[in-house]
Structures are given as C-alpha cells and as structure tokens.
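Peer 1: Dropping the structure in here first, questions after.
The values are calculated or read from the model by the stated rules, or taken from the named source; none is laboratory data. Computed from a predicted model, the values in this text were never measured in an experiment. Cβ: placed from backbone, ideal geometry, glycine included. Neighbour counts: every protein chain shown.
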Amino acid sequence: MRKVSFGRSKKIIFLVVAVGISGLSLFLFLYLSRFTLMPSSEKYVAFCDTDKTCHVKDLPYQNSTLPIEMRVDDLLLRMTTAEKIGQMALIEKNSILNQEDIAKYGLGAILSGAGAKPEPNTAEAWFQMIHAFQGYAKKTRLSIPIFYGVDANHGNGNVLGSTIFPHQIGLGATKNPSLVRDVAKATAEEVSAIGINWIFSPDLDVVQDIRWGRTYETFGSDPTIAGILGKAYIEGLQSYKQDGAKVSATAKHYIGNGSATWGSSSNKDFYIDQGDAKLSDAELRRTQLAPFTQAIKADVRSIMVGLNKWNGAKVIFNTYLLTDILRGELGFNGFVVSDWYGVYENEDNNYQALVQAINAGVDMVMLPFDYKTFSSRMHRALTNDDISQARVDEAVRRILTAKFKTGLFEVVPMDHLVEINTTKNRELARKAVRMSLVLLKNNKTVPISKYKSKIYVAGSSADNIGMQSGAWTIEWQGIDGNWIPGTTILNGIRNKVSSSTKVEFSLQADFAESSGLADVGIAVVGEHPYAEGWGDVENPQLSSEDLETIAKLNRVSKKIVVVIVSGRPLDIKEYVKDWDAVIAAWLPGSEGQGVADVLFGDYPFMGTLPVAWSL
Ligand code: BGC
C-alpha cells in the first residue's frame, strides 16, 4: 500500500513538473513563433542595411525548399493591407514620379509600354534600368521582387539590337508548334538577358475580320490552331531557365476582340479595335474560347482582359466571363491583369469602375499612370466594404504564386549582361521566316534560278527592315527604314544569287527600258507599320505607289514576282492576273534572308494561309 501511495505522490509531482514544462514550452513556442508565423508590421525585422532599410530574412517564404503554397501562405500572413494593394498595381515605368515610390507603395509590377525605353536604347541600359527598379523592390520590408513586363511579341522588339522574329501571323502560317515553342524560348532568352521576367504574349484573339489593325498580332482565324500554337508559345516561354531566371507569359486579350464588329469601337479613332463583339454565348465560345483553354493547360501565369465589349458591356466588368468561366469552368489559377488604362477608360465614375473590375475578377490593374490614387481608392473600397479583404487576399495570393513560380525570389541578380541577338537566334528567326512564306500564285516562275543574268528589285519593302518588322519594333507604331540590325529582303537576294548575276535596285522601278528586259523583276511591296486601332482600315490594299511600281517593273521584266510584306491579306484581285508569282511574306522581322532562301529554291514553300485570302 505504502509503496502504492508513495508511487502515486511521485506521479503527481511528475505530472505537475511535466505540465509546467509543457506550459513553459508552449508559451515559448507561441512567443517565438510570433517572429516566424504571425503577421505584423515591425516585429519581423531581422536585419537592416546601412541606409537603415530593414528586411526580414530566413523566413518560410524565403525558403525555396518549401512548397509554393506554403510560402505564399507565409508571405501573405506577414503583409499589411498597403503592401497587398501595392502588389495589385502595374505601373508604366515613365509614370513613376519618384523611384523611391516603388518601395514606398510596394508596387507589384512595372511595364515598359511600347516604345518606353531607356536612353540610350541599348541592352546594357535596359539591364541597368530594370535592375535599379528591382533594387527598390528589394529594399522593402519583405523584399518582394517586381514583375517587369513588356510586349515582346516578335522577339524583344523594344530593344535595339534584338533578334526580331516574324509577327504572330507569320508563325500562324507555319502551323508548326515545335518551331513556335523554339521562337518563344529564344524570346525568353533575349528578354531575360536584360532582366525582364514577364511578357504580354501570346495574343490569342482569333481574328474574324482582317480589317482589324491587330490581325498580324494573332495566329489567324482558326481557334484550334491558335490554341495549339498559343500553348506551344507559352510552353516555350515558361520553360526557359537560366541561372534561376525565368519568364512568365500572358495570354491576351480575354475575350472577344477578334469577333468585334466593324464600326462598334467606342474609341472614336478606331473602327473595330476595342470594339463590341455582338454574338451569343455559344458563338463567343466557338470562335474565341479554345485558345484560352489551351493556354490554361500550359499553365499560363497571367491572362490579360481586353479593352473590348461583349454585347454592349465591357468585358472587364463581367463576372461571368472573368470568374465563372475563367475560374469555374476553365480552372485558371494564375492572375488576371487588366489592359492599358482599361479599368477606367470611358467610365464616368473611376472609383466605381475600379470596384466593379476587381470584384468581377481583375487581380492586377495596369493603371498604368496613377498609383497614388489607386492606392487611396483601394483603401477606401476596403474600409467601405465595397471590396472585401478576402477578395484582395485572393488576388494577391495569385500574383505571389505567379512570382514564386517564375522563381523571382530565388533569382541571383546577374552582374553582367547575357548576349542577345546571337547567331543561334538569328538563324532560328531566319528559319521561321522560311517556314512562314505562303505561295499564293505561281506561273512556273519560282523558285528563281540563282544563275539568271539580270534581276531587278523594286518596291517600298525591298530595302526596309522597319517595314519588314512592322509595329512594336523600337516604337509602338514601328519605324521606317534600316535602323535596326538585320538583313533586308534586297540584301537577302543579293547574298543568294551567283556571282555572275546582276541585281539592280530601284525603289520605284525607275529602270531604263532601253537597257533591256530583266530576266525576273521582284517587287517587294506592302503595308507600312501600324499598331492597334491605327491599323483599322476598311479595305486593306497596296498603296497606289506600290501598284505603280509593280506596273513599271512589269514593263521591264520578262517575269514578275510580287512579294507582299503585310500583316494581313491585301486586296489584289484586280491586279494579280498580270503577275507571274505572288508570295505572302507576312511581317518577317529582321531576318530577310529567309525570304531569299525560299525564293531561290534552297528550301520549299511550307506556309499555308492562317486567314482566308481570296485572289
Ligand atoms: C495593348 C496590349 C498591351 C498593352 C501594354 C495595350 O494598349 O492593348 O496588348 O499588352 O498595351 O503595352
């Protein structure tokens, strides 16, 4: 008994001690875990720079071995409301009033709008500029890196010295997903070389009316092909990885601009761009949805909502499209970004417009100008409960997830510039040009023998890399002339023919009739660059100067070949009977040599029409 009673009291003492120790441990655990698990503004400061900028470090979200979901949970928990709002803002780089604001407002993303480049426009200056922006983001309490986005829609077109690939319509003519994957990967390499980690491509609009000025930005008019090529493009872009640096793609413009009707644009300067797609739910799905389904299968990290309307109402405010279909049906788990000023455009009440867009499903707003007002409106919306905290958390969770997937928290900042415009990329661009050419008519004239004795070349696009490249090249509306490195189609021809062949060039075919007929006349003609609604035209056709040049060339040549450099089919019905061969070269970019490769028979014509072209 004694033994028993002695044992019992020992047990009691043991229990008391054990409870005490556990209590103390629990207390210590809870106390210490405040520094690692719970949110608050100042408690987690672990170290400060010499300039007194303080950061946290060695926290779960910074640990690359943990699953992304866990890292996002951890980071979200630490963020203040202001920091969350900052992540939802996308600012045009020239609108940043003071670079310290990047840190002060915790801006989530910056873009270079078309043509917004550093001076001088060199890869080195881009590299320095973006690294400086990233530096401000790193200075913030939680060191959340920024997404830096650009429209690299045919290579890194903003940067002087980049390889310019064919515009998407040309890739659409190749119908070759493996080539498209390679082109996208090379584009990722060229943007990543200068610190860009986000691209606003591919364009997955499915064009129904070639009068639309953005026809060339698409893969064409077939939703299935646009889906296959779009998926390949995203895979290529997002599979690139170099020293931890990766790139995220954006599928755009969700949804319907490709089906907009002529004259429906609310932008008074345009006819169809940013217009209204007047069609049933079933028709919208049939014509425009498939590419986005494929993009989501490729795990695209962001989707951009268009500036257009669907049956009279702006898509950007449409919960059914942005949430029910995109999230519910298609299972998209990346983030939705609005297009340029899209949340506000044409709206009388900007506060209400912002609330509506965020509640409909926009996660990041391409403001792109005024982040201060955005921040105060978002605070107001949360205070008034017009936007819930849960909605903001959801948006920020998606943005952060994309940042983690892009490896932004792991990238070791490079201290040197990686080479751009490599021989490998230029060769790939040349191959893409070759594969995109479509032979529209051939009266036993092409391929042309390299051994002809005299060839005349003429036309507005023959000696003009700017026209070959189209818009989104250095400037939004493109450039005219030979300002970027590359090979003109004229030089491509000169490089290709035999040493005994005489190639003569005259812009407007001012060849003296007295010097005898050329064996072949090659007219290289086409559209001058245009971007967005500025390219909306009622009857896309050749200019009267180009038509006159072709006619003059025809008079001095035994045979005539017309190479059309354009973003879409042009109306040539009236004239084509007088021409021996016609080739659609689309907008081939910097590597005009690819045109000559096929014209002179080193490679076969392989492209097929991405959009209907009636002759
Ligand atoms: C275009 C988008 C582009 C954005 C950013 C807008 O005007 O519609 O396609 O990504 O500008 O440059």
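Peer 1: Within 15 Å of the ligand (Cβ to nearest atom) and in the same structural domain as V362 (by TED's automatic domain parsing): which single residue out of D281, D299, D276, D269 fits that description?
Peer 2: Going through D281, D299, D276, D269 in turn, the sole match is D269.
Peer 1: Going by what's in this entry, would N94 be described as among the polar types (S, T, N, Q) and more than 30 Å from T373 (Cβ to Cβ)?
Peer 2: No, not satisfied.
Peer 1: Return the residue satisfying two criteria in turn: it lies in the stretch 117-147 and is among the small types (G, A, S) and touching a residue at least 40 places away in the same chain (Cβ under 8 Å), and of such residues it is surrounded by the fewest Cβ atoms within 10 Å (Cβ to Cβ).
Peer 2: S143
Peer 1: Based on what the data block shows, is K231 basic (K, R), touching a residue at least 40 places away in the same chain (Cβ under 8 Å) and closer than 28 Å to T608 by Cβ? Quick ask: steps written out before the conclusion?
Peer 2: Details: basic (K, R): yes; touching a residue at least 40 places away in the same chain (Cβ under 8 Å): yes; closer than 28 Å to T608 by Cβ: yes.
Yes; evaluated as a whole, the condition is true for this residue.
Peer 1: Being of a type in the set (D, E, K, R) and surrounded by fewer than 19 Cβ atoms within 10 Å (Cβ to Cβ) is the filter; apply it to the stretch 479-506 and report the residue that is nearest to A458 (Cα to Cα).
Peer 2: Here is the first cut: in the stretch 479-506, the ones of a type in the set (D, E, K, R) are 480, 494, 496, 502, 504.
Going one step further and asking which of them are surrounded by fewer than 19 Cβ atoms within 10 Å (Cβ to Cβ), we end up with 480, 494, 502, 504.
Details: D480: 16, R494: 13, K502: 14, E504: 9 Å.
Once the filter is applied, the top-ranked residue is E504.
Peer 1: Still on this structure: So in the stretch 191-201, with the set limited to residues that are within 11 Å of the ligand (Cβ to nearest atom) and assigned to a loop (DSSP other than H, G, I, E, B), which one is nearest to Q168 (Cα to Cα)?
Peer 2: Checked the stretch 191-201; the qualifying residue nearest to Q168 (Cα to Cα) is S201.
Peer 1: Sort out which residues of the stretch 266-294 are part of a loop (DSSP other than H, G, I, E, B), modelled with pLDDT of 95 or more and in contact with a strand residue (DSSP E or B) (Cβ under 9 Å, 6 or more places away or on another chain), and write them in order of number.
Peer 2: Q274, G275, K278, L279 - these are the residues of the stretch 266-294 that are part of a loop (DSSP other than H, G, I, E, B), modelled with pLDDT of 95 or more and in contact with a strand residue (DSSP E or B) (Cβ under 9 Å, 6 or more places away or on another chain).
Peer 1: Does N94 fit the bill of being surrounded by fewer than 18 Cβ atoms within 10 Å (Cβ to Cβ) and out of contact with any Leu (no Cβ under 9 Å at 6 or more places or on another chain)? Reasoning before the result, please.
Peer 2: Details: surrounded by fewer than 18 Cβ atoms within 10 Å (Cβ to Cβ): yes; out of contact with any Leu (no Cβ under 9 Å at 6 or more places or on another chain): yes.
Yes; evaluated as a whole, the condition is true for this residue.
Peer 1: Based on this model, can you work out whether A251 counts as under 20 Å from P610 (Cα atoms) and part of a helix (DSSP H, G or I)?
Peer 2: Taking the combined requirement at face value, the residue does not satisfy it.
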